[in-house]
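Asks: I'd like to ask you about the structure that follows.
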Amino acid sequence: IPLTDDLDSVADQLADMRPLGNTNIALGAEFGWNLLDPQEPYSQGAAYSDELTRKFIVILTDGVQTSREFGAGGVRSVANAQTNLTTLCSGMRDEGITVFTIAYDITAAAVTTLLSNCAPGRYYEPDAGGTEIEAVFHEITGQIKNQVARIMR
């Protein structure tokens, strides 16, 4: 759904989501960026030049990249999907979007390194089954509030 402050609508959409068995981290990041961007396919995002708006994205995965994506030479591969994520993360940061990444219950270096490089200083690796994920989201919320408070002064 487009950006909205209708939390019930968001909760309904999340409740309808079902895993399909593959993981495509780059695709999730691309959709997130599309939501924050003022251009189509969604146009609710504020202009990048809007000095009173800050943009944030949280990329969370609980799996390693398994989907093959197009890249150099028109070839589909997992490596290209990983390169695409790196490119997307750099592009978002270049536009002033603050990127957070979470590798939930994952220790595979292929994912942890990729996500850590995507969001330098804003990477988290909580274990499943405890309260660590809640603590991570509280920390991210605190960082967002601090950034917003700075522009409101």
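The values are calculated or read from the model by the stated rules, or taken from the named source; none is laboratory data. Quick caveat, the model's predicted, so the values are computed rather than measured. Note that each Cβ is placed from the backbone with ideal geometry, even for glycine, and that neighbours are counted across all protein chains shown. In case anyone asks, the SASA skips ligands and DNA or RNA and just uses the protein heavy atoms, side chains included. Shrake-Rupley method; radii C 1.70, N 1.55, O 1.52, S 1.80 Å.
Asks: With ARG76, ARG68, ARG93 as the choices, which residue is more than 18 Å from the chain's Cα centre (by Cα) and closer than 21 Å to THR112 by Cβ?
Replies: ARG68
Asks: May I ask you to list the residues in the range 98-153 that are β-branched (Val, Ile, Thr), under 22 Å from ASP50 (Cβ atoms) and loosely packed, with under 14 Cβ neighbours inside 10 Å?
Replies: The answer is THR141, VAL148, ILE151.
Asks: From the residues in the range 40-58 that are open to solvent by 50 Å² or more (accessible area, probe 1.4 Å) and touching a helix residue (DSSP H, G or I) at 6+ places or on another chain (Cβ under 7 Å), which one is farthest from LYS145 (Cα to Cα)?
Replies: Here the residue is PRO41.
Asks: Would you be able to tell me the number of residues in the range 1-27 that are without any contact (Cβ under 8 Å) to a residue 12 or more places away in the chain, in a helix (DSSP H, G or I) and farther than 26 Å from MET152 by Cβ?
Replies: 7
Asks: Which condition does ASP94 not pass, out of (1) within 27 Å of GLY121 (Cα to Cα); (2) of a type in the set (D, E, K, R); (3) touching a residue at least 12 places away in the same chain (Cβ under 8 Å), if it passes all the others?
Replies: (3)
Asks: Does the range 28-39 contain at least one residue that is in contact with a Cys (Cβ under 9 Å, 6 or more places away or on another chain) and either surrounded by 13 or more Cβ atoms within 10 Å (Cβ to Cβ) or without any contact (Cβ under 8 Å) to a residue 24 or more places away in the chain (or both)?
Replies: yes
Asks: Are there helices (runs of 4 or more DSSP H) fully within the range 47-153 with at least 3 residues that are aliphatic (A, V, I, L, M) and under 20 Å from ASN24 (Cα atoms)? List them.
Replies: Correct list: 78-94, 109-118.
Asks: Being touching a Leu at 6+ places or on another chain (Cβ under 8 Å), over 24 Å from LEU3 (Cβ atoms), modelled with pLDDT of 95 or more and among the hydroxyl-bearing types (Ser, Thr, Tyr), is that true of even one residue in the range 59-72?
Replies: no
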